[in-house]
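Undergrad: Next up is a structure, given as structure tokens.
The values are calculated or read from the model by the stated rules, or taken from the named source; none is laboratory data. These numbers come from a predicted model, not from an experiment. Backbone-built Cβ (ideal geometry, glycine too); neighbour counts: all protein chains shown.
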Amino acid sequence: MRDSAYNEFLRDPIYYKLVENIEKLGDRIFDVNRLVNLRAYMEGFTFYTSGRYRSVPVDILPRLLSSDLFSSLSKYLTARSYVLNRFIREVYEERSIPIPDWIVKTNFHFRPEMMGFSPPKGIYTHVYGADIVRVNGMLHILEDNLRIPSGIGYSYAVFEQVYNSAPELRDGYDVIEPTGLEYLYEILRYVSGSKDPVIAILSDGNYNSAYFEHKFISDRLGIILVEPSDIKVEGSEVVVKTLDQGEVHVDVIYRRIDDLDFITPGLMRAYLRGSVVIANAPGTGIADDKASFVWVPYLAQRYGIKLEGVVQPLTLCLYERENLEKVINSPRGYVIKKREGYGGIGLIIVKDDDVSVMKEMLKEYEHFIAQEILEFDTVTSVVQDYLYETYADFRFFVYYDKVATAVLSRVATLGSRVTNNSSGGMVKPVWITR
């Protein structure tokens, strides 16, 4: 492996043994990588995008985190989860908007009917996904994902594939088993108020980009996988249609889709009446907004919650004239993002030959933010029969107050910094070591 100023594998001592293990495997590493990818494909390890199912490529070289670093990061992510949940509660329950109110009121996912409503146990954000990168070894947070964050099923699957197929790579490491799905079940059971609730995961079917994960969670947790047409509201009761038991009462719906009003008529009214619990709660998108992200440090201070150990990069709301001019004058220094964008949609990195993309931003600049471009650490990846340096991030999963040890690392395609699955990248396992 050639030296690099940013290659995590070569800069962090935790990787020294892994590099030794890779060198012992020699060219067999490429055979093992092909085998793992074949097995993943046969097991339906896919992501639906651009009108087709795409096999998600697996890079078998794991990223490593020490248990001490994970513990420190967990404290930060739990605290951030509290801040975001508290912000949503202040807006809806307390009818107070602590940031510029137009950000909330122009958010597509703002739900005025939630005003004055208190969700079970006061929890809005049952599941929270945080995107993290390392810059010279220091952790930076890029985004908060609170509406329907995905990836936990992919993290389990890629961990298991590599852990079982390439035992030589973990020689000398004590790797912690992935957790997270049990945390999901615990938080859903907790908010249900029942010891043995009936839980359904709501998907819009096998054309959803993350349908692999929906089915994976359903199978692993033994919860019902349903589509909108399977749900009926009968008086004060919500029932779902199943193949083996007919119609059954449901206590909790873990939703993986938006637009509940349009595709599940009556469900929102049933939720507001207390007939069913919906997770994440409708309206959490106000904290998913990339303009709200700018205000999280202020909100943490407002609520007396400390956020320590992770850097939030410079992020500018472009509704402010001064900020807009900064980006116009130096566009190649920023990643430009649509406020409601996700999965790489609405994300622009301006290059020398495509300054014309600024035109769209200038038309509706209030719907965009700009974040400083970070020179984040590259990692070593297996791509076909070669080792390359690639950019990669971490997606961590928080279940209100518990952080999963199942972590996903998404790898950008060669030459790109965009790591989202929908952009065609790979995934790596993440090993937390004792």
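Undergrad: Any idea which of L169, L139, L181 is aliphatic (A, V, I, L, M) and buried (at least 22 other Cβ atoms within 10 Å of the Cβ)?
TA: L169
Undergrad: Can you name every residue in the range 386-411 that is more than 24 Å from L69 (Cα to Cα) and in contact with a strand residue (DSSP E or B) (Cβ under 6 Å, 6 or more places away or on another chain)? Give the derivation first.
TA: Taking the range 386-411 first, the residues more than 24 Å from L69 (Cα to Cα) are 386-388.
Residues satisfying the conditions are L387, Y388.
Undergrad: A further question on this structure: Can you pull out the strands (runs of 3 or more DSSP E) entirely within the range 383-434 that have at least 2 residues that are of a type in the set (D, E, K, R) and assigned by TED's automatic domain parsing to the domain that holds D31?
TA: Per the criteria, 386-398.
Undergrad: Tell me which helices (runs of 4 or more DSSP H) are completely within the range 273-333 and hold 2 or more residues being at pLDDT 95 or above and not hydrophobic (A, V, I, L, M, F, W, C), or say none if there are none.
TA: Numbers: elements: 285-288, 290-293, 296-303, 321-329.
Filter on the range 273-333 gives 296-303.
Undergrad: Give the residue that is surrounded by the most Cβ atoms within 10 Å (Cβ to Cβ), with candidates limited to residues of the range 224-255 that are of a type outside the set (V, I, T) and closer than 13 Å to I199 by Cα.
TA: Out of the qualifying residues, it is Y254.
Undergrad: Ok, one more. Within the range 181-189, is there a residue that is under 22 Å from S155 (Cβ atoms), over 18 Å from the mean Cα position of the chain (by Cα) and acidic (D, E)?
TA: Yes: one or more hits.
Undergrad: Something else about it: Looking only at residues that are without any contact (Cβ under 8 Å) to a residue 12 or more places away in the chain and among the hydrophobic types (A, V, I, L, M, F, W, C) in the range 216-247, which one is nearest to L184 (Cα to Cα)?
TA: V239
Undergrad: Can you pull out the helices (runs of 4 or more DSSP H) entirely within the range 155-265 that have at least 2 residues that are within 22 Å of F70 (Cβ to Cβ) and out of contact with any His (no Cβ under 8 Å at 6 or more places or on another chain)? Step through it out loud before you land on a result.
TA: Values: elements: 181-192, 211-221, 260-263.
Hits in the range 155-265: 181-192.
Undergrad: Of all residues in the range 187-223 being charged (D, E, K, R) and exposed (fewer than 15 other Cβ atoms within 10 Å of the Cβ), which is nearest to T46 (Cα to Cα)?
TA: Applying the first criterion (charged (D, E, K, R)) to the range 187-223 yields 189, 195-196, 204, 213, 215, 219-220.
Checking the rest, the ones that are also exposed (fewer than 15 other Cβ atoms within 10 Å of the Cβ) come to 195-196, 219.
Details: K195: 34, D196: 32, D219: 16 Å.
Per the criteria, the residue is D219.
Undergrad: I've got another one for you. Identify the residue in the range 72-104 that is in contact with a helix residue (DSSP H, G or I) (Cβ under 7 Å, 6 or more places away or on another chain) and of a type in the set (A, V, I, L, M) and, among all such residues, is surrounded by the fewest Cβ atoms within 10 Å (Cβ to Cβ).
TA: Per the stated criteria, the residue is I97.
Undergrad: Q312: under 17 Å from the mean Cα position of the chain (by Cα), surrounded by fewer than 23 Cβ atoms within 10 Å (Cβ to Cβ) and not small (G, A, S), yes or no? Let's see the steps before the verdict.
TA: Details: under 17 Å from the mean Cα position of the chain (by Cα): yes; surrounded by fewer than 23 Cβ atoms within 10 Å (Cβ to Cβ): yes; not small (G, A, S): yes.
In short, yes.
Undergrad: If you take the residues in the range 13-71 that are surrounded by 14 or more Cβ atoms within 10 Å (Cβ to Cβ) and aromatic (F, W, Y), which one is modelled with the lowest pLDDT?
TA: Checked the range 13-71; the qualifying residue modelled with the lowest pLDDT is Y48.
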